[in-house]
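Structure first, commentary second.
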Amino acid sequence: MGGVDGALAGAGGAGRAGDGRVVCVTCGARREQLYRVHSPGSIEVLKCGACGAVADPYVECDPLLVLLDVLLLKPQAHRHVVHNLILASPLPSLRPCVSPWP
C-alpha cells in the first residue's frame, strides 16, 4: 500500500472525514469528501454543492504556498489548515504526524 492510495488509508479514503468534518474553504459548508481518487497519483478535486466553487484547492498545493496564504491572512487558507489539512490531504507529506481527533 503506497503512493496516494496508501496515504488515503489514514485519511478515511477518497478525501473523506467520515462524519463531515471537512469543509468547503470558500463558504464553510460541511462536505463528505474533497476529492476523488481515479488512479494512484491522480485525483479529481470536487466542487462544493452550496457555492459551486472548488471545495478545497489547497489539497493540491505545496505546503509552502499554503503557509504563505496563511501568513497573508487568507480565510480560505485558514479553513484548510483548521478543518481539512489533517484528514483530507492526499499525500502523506502534507498530513501532520499526530491527529487531534481520537
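Just a few scattered comments:
- Residue match in the stretch 17-26 (condition: over 11 Å from the mean Cα position of the chain (by Cα) and modelled with pLDDT of 85 or more): yes
- Just one of (1) within 23 Å of Gly41 (Cα to Cα); (2) touching a strand residue (DSSP E or B) at 6+ places or on another chain (Cβ under 7 Å); (3) at pLDDT 55 or above fails for Ala88. It is (3).
- Exactly one residue among Leu34, Leu85 is open to solvent by less than 30 Å² (accessible area, probe 1.4 Å) and either polar (S, T, N, Q) or under 13 Å from the mean Cα position of the chain (by Cα) (or both), and that residue is Leu34.
- Residues within the stretch 50-81 that are of a type in the set (Asp, Glu), open to solvent by less than 40 Å² (accessible area, probe 1.4 Å) and in a loop (DSSP other than H, G, I, E, B), tallied: 1
- In the stretch 1-16, residue modelled with the highest pLDDT [restricted to those that are open to solvent by less than 60 Å² (accessible area, probe 1.4 Å) and in a loop (DSSP other than H, G, I, E, B)]: Gly15
- Single residue of the stretch 27-48 satisfying the filter (more than 16 Å from Asn84 (Cα to Cα) and assigned to a loop (DSSP other than H, G, I, E, B)) that is modelled with the lowest pLDDT: Gly41
The values are calculated or read from the model by the stated rules, or taken from the named source; none is laboratory data. Because the structure is predicted, anything quoted here is derived from the model rather than measured. Neighbour counts are summed over all protein chains in view; Cβ atoms, including those assigned to glycine, are modelled from backbone coordinates with ideal geometry. Only protein heavy atoms, including side chains, enter the accessible area calculation; ligands, DNA and RNA are left aside. Shrake-Rupley method; radii C 1.70, N 1.55, O 1.52, S 1.80 Å.
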